[in-house]
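S.K.: Take a look at the following structure, please.
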Amino acid sequence: MNVSETLSEVKNFIDGKFERNGQNAMDVLSPIDGSKISTLPLSSGLDVDSAVQAAKKAFPAWAAMTLKERVQIFFRYRALLEKHMEELTNLVHIENGKTYGEAKAEVEKSMELCEFAVSMPQIIVNEVQEVSKGVECRIERKPLGVVASITPFNFPNMVPHWTMPNALVLGNTMVMKPSEIVPLSTVRMAELLKEAGLPDGVFNIVNGGKDVVEAICDHKDIEAVSFVGSTKVAKIVYQRATSNLKRCVALGGAKNHLLVLPDANPEMTASNVVASMSGCAGQRCMAASVMVGVDKVQHIIDRMVDETKKLVPGDNLGSVISAEAKKRIEGYIAEAEANGAKILVDGRNTTVPGKEGGFYVGPTIIDYVTTDMSVAREEIFGPVISIIRAKDLDEAIAIENGSDYGNAAAVFTQSGGLAKEVIDRASAGMIGVNIGVPVPREPFSFGGWNESKFGVGDITGRSSIEFWTQNKKTTIKWNPEARTNWMS
């Protein structure tokens with residue numbers, strides 16, 4: 001697929017059909033070279049209502065199917081993801097700017113998420129107990145109804161699969177609002193779901209911006225909302241959705257700290273830290289953002305500088321999402337330098353030959369950062385890591401605990417005791433030991449703490465089952481001879 005080719009116009013997907021309805025449109029650009037690749041409708045609350053009504057109409061029949069029947073559709077869908085791997089990978093690459101390898105890994109993760117969804121019949125077993133002579137109590141999980149998912153630009157294929165397979169397999173119907181910057185992967189998902197046999201109206205897409213998000217939060221027939229994006233918007237979505245009496249889990253930003261101890265394996269640590277900060281061009285909420293170097297770690301920092309020389313923008317380092325993102329990231333670097341930090345590797349003013357219109361920032365390492373600097377406190381979302389020096393582990397943990405965020409933290413050491421101390425004391429929902437990107441695999445769930453997540457439970461894995469369902473409790477008595485008691 002050629003980056004310069006213009007793809008089909010993006011349309012909403014409602015009740016099994018693609019439609020545009022004459023809304024205003026915006027251009028969709030590829031961050032690889034800045035070229036226009038499609039156009040997107042800026043939908044309204046009326047479009048959201050149309051999608052909700054389609055989902056509401058489809059819900060009774062979909063919910064009435066057995067769990068095993070619903071799962072069969074997702075077996076077929078997972079096979080289609082594999083069949084169309086090349087095409088789906090190219091879509092992610094073109095619309096997001098990831099390297100081909102990163103884009104392929106994203107689609108492979110989507111397949112893994114589907115594998116968890118199709119395992120639901122083995123995971124969900126209704127509870128039954130004879131609680132008194134002749135009296136039985138039962139708990140069954142039931143779907144909520146129409147639910148919504150609002151997804152970000154940084155994982156256009158994977159993050160929609162954090163929510164869609166589990167929510168639908170559990171019997172809900174869904175309205176999805178993808179990021180207006182990367183809508184193409186979600187459109188293709190809808191086509192493949194239909195091919196797999198998903199009934200019309202069970203999955204719907206409404207494209208657009210703020211108006212669509214607000215309409216989702218306000219719609220009386222939407223029972224639950226999931227959101228992934230910045231902390232600023234996550235707070236707004238959570239407050240607005242819950243004020244309208246909806247369930248909501250909203251994942252926000254991150255400022256992940258990697259604590260590097262003097263006994264850490266130098267080669268493994270340097271390569272892991274650099275890979276964590278530069279993978280997906282740093283545009284992931286699990287990226288290394290701050291390295292806290294404890295005591296004598298200069299030899300590891302020197303190796304990190306060498307590791308960055310292996311990264312070539314436009315080759316094994318992808319673009320950032322937009323011109324605005326590039327300007328913002330480079331502004332953080334300039335501000336840190338002006339405030340006294342030392343730029344060991346400078347990724348500013350990066351261009352890629354033949355792709356001069358693309359949005360690239362090279363790998364950047366900033367040393368001697370202090371905790372009051374913006375690069376130490378705020379989410380940069382680029383291939384940039386700040387190094388803060390700490391005299392001992394207590395100071396390092398205090399620096400990590402001082403962050404407003406709490407998505408992930410990691411420690412690099414060969415001491416099990418010191419690793420356990422970080423595990424116990426770090427204020428983050430996901431912890432790594434000698435792992436720069438500590439993402440739990442299924443069935444373990446994904447979700448942070450503090451300003452990185454709003455709501456109860458996590459968005460994936462076993463925890464998501466609670467979010468997308470409600471319990472129905474039944475008490476049964478068939479035995480007229482049983483002694484009458486308070487349960488009668």
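Since every read-out is calculated from the coordinates, none of them should be taken as a lab result. The structure presented is a predicted model; accordingly, all values stated were derived computationally and were not measured. Cβ coordinates were reconstructed from backbone atoms using ideal geometry, including for glycine residues, and neighbour counts include every protein chain displayed.
S.K.: If I model the stretch 382-424 as equal point scatterers sitting on the Cα atoms and use the Debye formula, what is log10 I(q)/I(0) at q = 0.33, 0.34 Å⁻¹?
M.R.: These q points yield log10 I(q)/I(0) values of -1.34, -1.34.
S.K.: Please give the direction-averaged projected area of the C-alpha convex hull for the chain, in square nanometres with one decimal. Mind showing how you got there, number by number?
M.R.: Working: hull surface 100.9 nm².
One quarter of the hull surface, i.e. the mean projection, equals 25.2 nm².
S.K.: Would you mind putting 295-307, 394-406 in packing order, based on average other-beta-carbon counts within 10 Å, highest first? Before the final figure, lay out each step's value.
M.R.: On the way: 295-307: 16.8, 394-406: 18.8.
Descending mean neighbour count gives 394-406, 295-307.
S.K.: Give the cross-link partners of Lys473 among the lysines, using a straight C-alpha distance below 20 Å as the criterion and excluding same-chain residues fewer than 8 apart.
M.R.: Filter leaves Lys133, Lys142.
S.K.: Using Cα centres only, tell me the gap between the stretch 359-401 and the stretch 231-263 in whole Å.
M.R.: 20 Å
S.K.: Relative to the compact-globule scaling 2.2 N^0.38 Å, provide the ratio for the alpha-carbon radius of gyration of the stretch 335-486.
M.R.: On the way: Rg = 23.8 Å, N = 152, 2.2 N^0.38 = 14.8 Å.
Expressed relative to 2.2 N^0.38 Å, the Cα Rg reads 1.60.
S.K.: Whose amide H sits under 5 Å from the amide H of Leu29, counting only residues 5 or more places off or on another chain, with H placed in the peptide plane?
M.R.: Ile37
S.K.: If a helix is a whole DSSP H run, which ones in the chain reach 15 Å or further along their own axis (Cα) and hold a mean Kyte-Doolittle hydropathy of at least -1.0?
M.R.: Within the chain the helices that satisfy the rule are 45-64, 67-83, 85-96, 100-118, 158-169, 184-196, 231-243, 266-278, 298-308, 323-338.
S.K.: Cut-off under 23 Å on the C-alpha distance; same-chain residues fewer than 8 positions from Lys98 excluded. Which lysines are left, in chain and number order?
M.R.: Lys36, Lys83, Lys109, Lys177, Lys255, Lys309, Lys310, Lys326, Lys327, Lys355
S.K.: Using only the Cα atoms of the stretch 220-330, what do you get for the radius of gyration and for Dmax, in Å?
M.R.: Every Cα atom of the stretch 220-330 included, Rg and Dmax give 18.7, 58 Å.
S.K.: What Kirkwood Rh does the stretch 256-433 have if only Cα atoms enter the pairwise 1/r average? Answer in Å.
M.R.: On the way: mean 1/r = 0.0621 Å⁻¹.
It is 16.1 Å.
S.K.: So how strong a dipole does the chain carry about its Cα centre when Lys and Arg Cβ are +1 and Asp and Glu Cβ are -1, to the nearest 20 debye? Intermediate results must be reported in sequence, preceding the final value.
M.R.: On the way: 52 positive and 60 negative charges, 282 e Å.
Result for the chain is approximately 1360 debye, rounded to the nearest 20.
S.K.: List the aspartates and glutamates whose alpha-carbon lies under 13 Å from that of Lys453, not counting same-chain residues fewer than 8 positions away?
M.R.: Counting by Cα, and skipping residues close in sequence, Lys453 has these aspartates and glutamates nearby: Asp404.
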